[in-house]
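Participant: I am attaching a structure below and will ask some questions about it afterwards.
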Amino acid sequence: MYSTPFSPAEARAARARMGLTTAQVAHSMAACGVPVHPDLVSAWEHGSHVPSESQLFALANVLWCSSTTLMGVDPRTLAEHRMARQLSVERLAYRIGMDPAEYRAAEAAHRWDGDLRQTRALVDALGLSLRKLVGIMGRDEELAGHLRSAIDGRWKAHVAPVAEIVVVNETLVGDALRTMHTEFAEFSERYMGHLVARNDDSRLKEVAAERSAYLHRLVDHFWELIGDVGEESPFDSMSH
């Protein structure tokens, strides 16, 4: 079962900054609709217990700090990004138009299969970009593999799989892959041209270095070509 990340040290420090006792914290949490015993607050601060999500959110509100502060980590997973925004599964699922059970399963499996509109709503709700979402889902290497194959082979065959990974319409993905395929082909043509012309090794090495640099920045370049859609959120006309 997934455990809420929690830093006892940050909780103690936050309470100290507010000048509150554990009893006062418990009283304020009850006023927020989340009743707890002062001993439980102490147990959190000593690391023997971990608050639930609702308790974490209420504690953050009482201590006037962010959920992320009390979590003690920069959000890494979809669940942690959601908790950083103090959103329950049910609340976020409602906002993105998805069944809560389906959304919970996505978090558990670390696999996002939402449609275009759900994805837009998700990145907006969590303050993410599409690129960040792909990284959170652990699909960066999968994307890079498709891009490497696309630029050096039949790029059209990779349009659909790449579009599925990045949740961008196939027309936009196809435009980006076609551009990258053409750019990469130019490196090969230049290299072969210098080779046939028997130019000096330094020029061949220069072209080879440019090719290597291009491959190193392959994913970055893809997102540059995708543009604002990847940096912010899917655009309104994605579904046309």
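The values are calculated or read from the model by the stated rules, or taken from the named source; none is laboratory data. As the structure is a computational prediction, the values presented were derived from the model and not from experiment. Note that each Cβ is placed from the backbone with ideal geometry, even for glycine, and that neighbours are counted across all protein chains shown. All accessible areas refer to the heavy atoms of the entire protein, side chains included, with ligands and DNA or RNA removed. Shrake-Rupley method; radii C 1.70, N 1.55, O 1.52, S 1.80 Å.
Participant: Tell me which residues, restricted to the range 58-71, are surrounded by 14 or more Cβ atoms within 10 Å (Cβ to Cβ) and not small (Gly, Ala, Ser).
Facilitator: Listed by number, the residues that qualify are Leu59, Asn61, Val62, Leu63, Cys65, Thr68, Thr69, Leu70, Met71.
Participant: Considering (1) touching a helix residue (DSSP H, G or I) at 6+ places or on another chain (Cβ under 9 Å); (2) part of a helix (DSSP H, G or I); (3) farther than 12 Å from Leu126 by Cα, say which one Ser54 fails and leave the rest.
Facilitator: All conditions are met except number (1).
Participant: Here is a follow-up. Mind checking whether some residue in the range 9-31 is at pLDDT below 95 and closer than 30 Å to Leu122 by Cα?
Facilitator: No, the conditions are met nowhere in the range 9-31.
Participant: Would you check which residues across the range 115-138 are surrounded by fewer than 16 Cβ atoms within 10 Å (Cβ to Cβ), in a loop (DSSP other than H, G, I, E, B) and within 15 Å of the chain's Cα centre (by Cα) and list them?
Facilitator: Gly127, Gly138
Participant: Moving on to the next point. If you go through the range 173-211, how many residues are among the hydroxyl-bearing types (Ser, Thr, Tyr) and modelled with pLDDT under 80? Spell out the reasoning first.
Facilitator: Narrowing the range 173-211 to residues among the hydroxyl-bearing types (Ser, Thr, Tyr): 179, 182, 188, 191, 202.
Next cut, modelled with pLDDT under 80 only: 188, 191, 202.
Selection size over the range 173-211: 3.
Participant: Output the residues belonging to the range 33-51 that are open to solvent by 20 Å² or more (accessible area, probe 1.4 Å) and either closer than 16 Å to Ser7 by Cβ or part of a helix (DSSP H, G or I) (or both).
Facilitator: In the first step, residues of the range 33-51 are kept if they are open to solvent by 20 Å² or more (accessible area, probe 1.4 Å); the result is 33-40, 42, 46-50.
Listed by number, the residues that qualify are Pro38, Asp39, Leu40, Ser42, His46, Gly47, Ser48, His49, Val50.
Participant: So how many residues does the range 11-52 have that are of a type in the set (D, E, K, R) and touching a Lys or Arg at 6+ places or on another chain (Cβ under 8 Å)? Please lay out each step first, then the result.
Facilitator: Residues of the range 11-52 of a type in the set (D, E, K, R): 12, 15, 17, 39, 45.
Going one step further and asking which of them are touching a Lys or Arg at 6+ places or on another chain (Cβ under 8 Å), we end up with 45.
The total comes to 1.
Participant: I need the full set of residues from the range 60-71 which are without any contact (Cβ under 8 Å) to a residue 24 or more places away in the chain and either more than 22 Å from Val50 (Cα to Cα) or part of a loop (DSSP other than H, G, I, E, B) (or both), in order please.
Facilitator: Selection gives Ser66 alone.
Participant: While we're here: Residues that are open to solvent by 40 Å² or more (accessible area, probe 1.4 Å), under 26 Å from Val89 (Cβ atoms) and out of contact with any helix residue (DSSP H, G or I) (no Cβ under 7 Å at 6 or more places or on another chain): does the range 13-23 have at least one?
Facilitator: Checked the range 13-23: no residue is open to solvent by 40 Å² or more (accessible area, probe 1.4 Å), under 26 Å from Val89 (Cβ atoms) and out of contact with any helix residue (DSSP H, G or I) (no Cβ under 7 Å at 6 or more places or on another chain).
Participant: Can you tell me how many residues in the range 72-114 are open to solvent by less than 80 Å² (accessible area, probe 1.4 Å), more than 15 Å from the chain's Cα centre (by Cα) and without any contact (Cβ under 8 Å) to a residue 12 or more places away in the chain?
Facilitator: Selection size over the range 72-114: 4.
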